[in-house]
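The values are calculated or read from the model by the stated rules, or taken from the named source; none is laboratory data. All of these numbers come straight from a predicted model, not from anything done at the bench. All Cβ positions, glycine included, derive from the backbone under ideal geometry; neighbour counts span all protein chains shown. The accessibility values were calculated without ligands, DNA or RNA, using every heavy atom of the protein model including side chains. Shrake-Rupley method; radii C 1.70, N 1.55, O 1.52, S 1.80 Å.
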Amino acid sequence: MATGLSSLYARRAKEVQASSIREICKLISNSKICSMAGGWPDPKTFPAEEIREIATRVLTDYPEMALQYGASEGIPALCEELARWTASRDGISCTPDQVFVTSGSAQGMELVAKVLIEPGDVAFVGLPTYFGGTGACRTFGAELVGVPLDDDGMNPEALEARIDGARSAGKKPKLIYIIPDFQNPTGATLPVERRKRIVDLANEYDLAIVEDNPYRNLCFTGKPLPPLKAFDTEGRIVCLRSFSKIFCPGFRLAFAIGEKDMIRRMVISRQFEDCCSNVFAQYILLEFIKEGLLDDQIEKNCRYYKKKRDVLLESLDRHFPKSVKWNRPAGGFFVFVHLPDTMDSEELLRHAVDRNVAFVAGTPFYIDNRGRNTFRLSYAQADEEAMKEAVAVLGRLIEERTQQESGERR
Ligand SMILES: Cc1ncc(COP(=O)(O)O)c(C=O)c1O
C-alpha cells in the first residue's frame with residue numbers, strides 16, 4: 001500500500017512545478033559559484049546599522065505594539081506614510097485605505113488572483129515574464145495567454161489581438177499581468193504611450209490590470225516613467241510595490257494600491273492566510289521612511305547597481321560573440337541574453353555550473369516553453385571581479401559551442 005499523503009494531494013498541488021530558479025538558488029550557497037541567477041539584492045546594500053538602531057528604539061519605546069498582532073491592512077501609520085510617499089514619488093493619488101501592506105508582493109499577486117480569477121478566465125502575460133505572476137494566476141485556474149514582448153515591453157496591438165482572439169473563442173478575458181519598469185526577465189521599460197494604450201484597452205474590454213513593479217525605484221538615470229496606475233481613471237489597476245529590492249527582502253514587506261472595494265476583498269482573503277504582515281518589521285520600516293532614510297537608501301542603491309550594470313555590460317561587450325544579443329537595461333537587476341536559435345541555454349548552464357558560473361535559463365519565463373536559446377543574467381548579487389571572470393567563462397563556452405556547431409554543419 002502506498003504510504004504518505006501523495007494520493008490525497010489536491011490537483012492544484014500536483015500541478016504546481018518547482019521553479020528552476022529555486023533549484024539554481026540552492027547553488028548560491030556554494031561560495032565557489034559566481035551566481036548571476038536569482039534576483040536577490042546584494043546584501044552589501046542592506047541598511048543593517050540603521051535597522052539595528054531603529055529596532056532597538058522601537059523595542060524600547062513601544063514593545064507592546066511592535067510585538068503584537070496588527071491590522072490585516074497594515075499598521076495605519078504605515079499605510080498613511082505609503083500613501084504620501086507614492087503620491088509624491090509616483091503621482092498616484094490614493095487614500096490610506098487604498099493602501100494594503102502585504103507579505104512581499106508575491107502575496108499581493110496571490111491575493112489579486114484569489115479575488116479575481118475563476119477557473120478558465122484568461123490572464124494575459126508577457127512572453128517572457130516573471131513566473132511568480134503566472135504561477136499565482138495558474139493556481140486559481142486561469143488560462144494564460146502569452147503576449148510577445150519586444151524591446152519596449154508589451155505591444156498593445158499584439159495584446160488587443162489576443163484579447164479579441166480569446167473573446168471570439170468564447171473565453172472570459174479577465175486580467176493583464178504586466179511589469180512595466182525594468183521588466184523581469186528582459187529589463188525592458190514600457191514607453192508612456194504604451195502604458196496609456198494598455199490602460200485604455202483594459203477600460204474598453206473590461207479587464208483588470210496587475211501592475212507588478214518591484215524594480216521601479218531602481219532607475220539609473222532621471223526619473224522613472226509614470227506608473228500605469230497614474231492613468232487609471234476607472235479603478236481597474238492593482239499596483240504592487242515591494243521593499244525587497246530597495247530595503248531588504250527578509251522583512252517580506254510590500255504594498256498594493258487599488259480601488260477601495262478591491263483592497264477590502266484582498267484584505268479579507270488574507271485573514272485566512274497570515275492574518276497580517278510582520279508588525280515589528282512594519283514599525284521599523286515606518287521609522288525608516290519617517291526619518292527620510294528610504295529616499296537616501298534608494299539613491300545609494302541606484303548608484304551601486306548602476307555601476308554593477310556597467311561592469312556586466314562592458315564584460316558582455318568584451319567577451320560575447322557578435323551572434324549573441326542582449327538588452328541594455330536602464331534600471332533594475334536584469335540583462336536578458338539571446339543566443340543563436342540553434343543553441344540551448346540549459347545545456348550552456350550545465351557546462352557553466354561545472355565552471356562555477358550560474359544564471360537562469362530562459363524557458364521558465366515563457367508559458368509556452370519557448371526561449372530555449374535565452375537566459376537571464378542578474379548583476380545584483382555577484383561581485384564585480386567575479387562577474388567579469390564569469391562572463392569571460394560564458395563567452396568562451398559560447399564560442400566553443402559556436403565552433404562545434406559550424407563544424408557539425410560542414
Ligand atoms: C517581477 C517580480 N515581482 C514580484 C517579485 C516578488 O517580490 P517580493 O519579494 O516582494 O515578494 C519579484 C521578485 O524577484 C519579481 O521579480
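Using only alpha carbons, segment 32-110 has a radius of gyration to Kirkwood radius ratio (Rg to Rh) of 1.05. The simple spin-label model puts a point 7 Å past each Cα toward its Cβ; for Glu118 and Glu204 those points are separated by 2.5 nm. Measuring max minus min along each principal axis, the C-alpha atoms of segment 260-393 give extents of 50, 36, 27 Å (largest first). When Rg and the Kirkwood Rh are both derived from Cα coordinates, the Rg/Rh ratio for segment 48-291 amounts to 0.98. Can you give the direction-averaged projected area of the convex hull of the alpha-carbon atoms in the chain, in nm²? Averaged projected area of the chain's Cα convex hull equals 23.3 nm². The orientation-averaged shadow of the Cα convex hull for segment 75-131, equal to a quarter of the hull surface, comes to 5.5 nm².
Rounded to the nearest 0.05, the FRET efficiency derived from the C-beta distance between Arg52 and Arg264 at R0 = 51 Å is 0.90.
As an equivalent ellipsoid, segment 20-170 spans semi-axes of 35, 24, 16 angstrom, where each value is the square root of five times an eigenvalue of the C-alpha gyration tensor, largest first.
Helical runs assigned H by DSSP (4 residues or longer) give the chain a calculated mean residue ellipticity at 222 nm of -14000 deg cm²/dmol, each run adding -39500 (n - 2.57) before division by the residue total.
Applying 0.36 nm per residue to the separation of Ser31 and Val192 and subtracting their alpha-carbon distance, the gain on full extension is 53.8 nm. Each residue of segment 66-80 was assigned a 3J(HN,Hα) from its phi angle through the Karplus expression (A = 6.51, B = -1.76, C = 1.60, θ = phi - 60°), giving 5, 9, 8, 4, x, 5, 5, 6, x, 5, x, 5, 6, 4, 5 Hz with x at Gly and Pro.
Using just the C-alpha positions of segment 115-190 as equal point scatterers, what log10 of I(q)/I(0) does the Debye formula give at each q in 0.27 1/Å? So the normalised log intensities are -1.24.
What does DSSP give for the chain in terms of the percent of beta bridges that are antiparallel, rounded to the nearest 5?
Counting only bridges with both partners in the chain, antiparallel ones make up about 50 percent.
Gain on full extension, evaluated as 0.36 nm per residue between Asp152 and Glu64 minus their Cα-Cα distance, stands at 26.8 nm. May I ask which of Lys32/Lys308; Lys14/Lys174; Lys44/Lys290; Lys14/Lys229; Lys114/Lys308; Lys229/Lys307 have a Cα-Cα span longer than 27 Å here? In this structure, Lys14/Lys229; Lys114/Lys308; Lys229/Lys307 exceed 27 Å between Cα atoms. Note on the chain: with charges restricted to the Cβ of Lys and Arg (+1) and Asp and Glu (-1), its dipole about the Cα centre is near 680 debye.
Tell me which of Ala386, Gln271, Pro340 sits at the most positive position along the dipole axis of the chain, charges placed on C-beta atoms (Lys, Arg +1; Asp, Glu -1). In the chain, that residue is Pro340.
Tell me, what % of the accessible area of the chain is carbon and sulfur with a 1.4 angstrom probe?
Accessible surface attributable to carbon and sulfur in the chain totals 51 percent.
Here segment 61-101 is treated as a Stokes sphere of Kirkwood radius computed over C-alpha pairs; at 25 °C and 0.890 mPa s its diffusion coefficient rounds to 223 µm²/s.
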